[in-house]
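The values are calculated or read from the model by the stated rules, or taken from the named source; none is laboratory data. Owing to the predicted nature of the structure, the values given are computational and were not obtained by experimental measurement. Neighbour counts are summed over all protein chains in view; Cβ atoms, including those assigned to glycine, are modelled from backbone coordinates with ideal geometry.
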Amino acid sequence: MLEGDQDHQDTFSRIGTLETISGQDMQVIETFVCQLYGKPSHTSVDKVRYDKVRQCFKGKKGILSNSEEVDLRQMPPCEDVLMLRTQRANFQLKIWRVSSSNFPDLPKPENNRWRLSSSGGLEIKWFS
């Protein structure tokens, strides 16, 4: 999947080299995730999620009559969560890429989907 698509290769090679992930790169990543979840014609992870839920309840009366029938492990992250995870991964890769530098120039964690806790530590920002 990755080998056959130059856009995907270019996008993934930029992760960790930029301050933030561009909207265009996020769209390529989102399309890649759709392919990972078996929907190569989709470009929206939210649409993939919708289709998977609809497929679970196809032919049944109440669309969410029994939520136990939806295996959440088989669902891609929603668009918002995918963006947050990608930004955090970009930040972590940027740290690793400059880890051998004596004085690395690093972006602020707060700009990369982390937040400062009340105790002064860093916490993951799960949702925007």
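Take the conditions of a type in the set (Asp, Glu) and touching a Cys at 6+ places or on another chain (Cβ under 7 Å) and apply them to Asp46. Does it pass?
yes
Would you check if there is a residue in segment 85-106 being in a loop (DSSP other than H, G, I, E, B), closer than 20 Å to Met1 by Cα and at pLDDT 90 or above? Checking segment 85-106: not a single residue is in a loop (DSSP other than H, G, I, E, B), closer than 20 Å to Met1 by Cα and at pLDDT 90 or above.
Scanning segment 68-120 for residues that are among the charged types (D, E, K, R), within 30 Å of Gly38 (Cβ to Cβ) and surrounded by 12 or more Cβ atoms within 10 Å (Cβ to Cβ) yields Glu79, Asp80, Arg85, Arg88, Arg113. How many of the residues making up segment 77-91 are of a type in the set (S, T, N, Q) and within 11 Å of Met26 (Cα to Cα)? Residues flagged as of a type in the set (S, T, N, Q) and within 11 Å of Met26 (Cα to Cα) within segment 77-91 amount to 2.
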